[in-house]
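The values are calculated or read from the model by the stated rules, or taken from the named source; none is laboratory data. Remember, predicted model here, so these are calculated numbers, not experimental data. Counting neighbours? That spans all protein chains shown, and the Cβs are built from the backbone with ideal geometry, glycine included. Ligands, DNA and RNA are stripped out before the accessible areas are found, and what is left, the full protein with its side chains, is counted by its heavy atoms. Shrake-Rupley method; radii C 1.70, N 1.55, O 1.52, S 1.80 Å.
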Amino acid sequence: MRKLAFRYRRLKEIYNAYKSNAGGKESCFERIMSRFGKKVTYVVIGDGRDEEFAAKQVTFLFPAIP
């Protein structure tokens, strides 16, 4: 678990850098896709409509949590 957390820390840093602007989420998701490939199932977790919209732009899953 520790190695996994360390590996994805960089992804969290990239996302946090881009999450404040509207176009930044899409570019962040594109960077993640370019690094890990397209044969992976991505799930976006967020609390706003902008995360949902950005996920749908790049065809990532955004689960509906009641």
Q.
Given the -39500 (n - 2.57) contribution per DSSP H run of 4+ residues, what per-residue ellipticity at 222 nm results for the chain, rounded to the nearest 500 deg cm²/dmol?
A. -18500 deg cm²/dmol
Q: On the full set of protein chains, 1.4 Å probe, figure out the accessible area of PHE62 and give it in Å² to the nearest 10.
A: 50
Q: Note down the net charge around MET1, summing +1 for each Lys or Arg and -1 for each Asp or Glu among other residues with Cβ under 14 Å from its Cβ.
A: +4
Q) Carbon and sulfur atoms: what percent of the 1.4 Å accessible area of the chain do they account for? A) 58
Q. Once you put a point 7 Å from the Cα of THR59 and another 7 Å from the Cα of GLU26, both along the Cβ direction, what distance in nm separates them?
A. 1.6
(Q) Counting pairwise Cα distances across the chain, what percent come out greater than 21 angstrom? (A) 22
Q: Enumerate the calculated ³J(HN,Hα) couplings along region 39-49 in order (Karplus 6.51 cos²θ - 1.76 cosθ + 1.60, θ = phi - 60°), each rounded to whole Hz, writing x wherever the residue is Gly or Pro.
A: 8, 10, 8, 9, 10, 9, 10, x, 10, x, 5
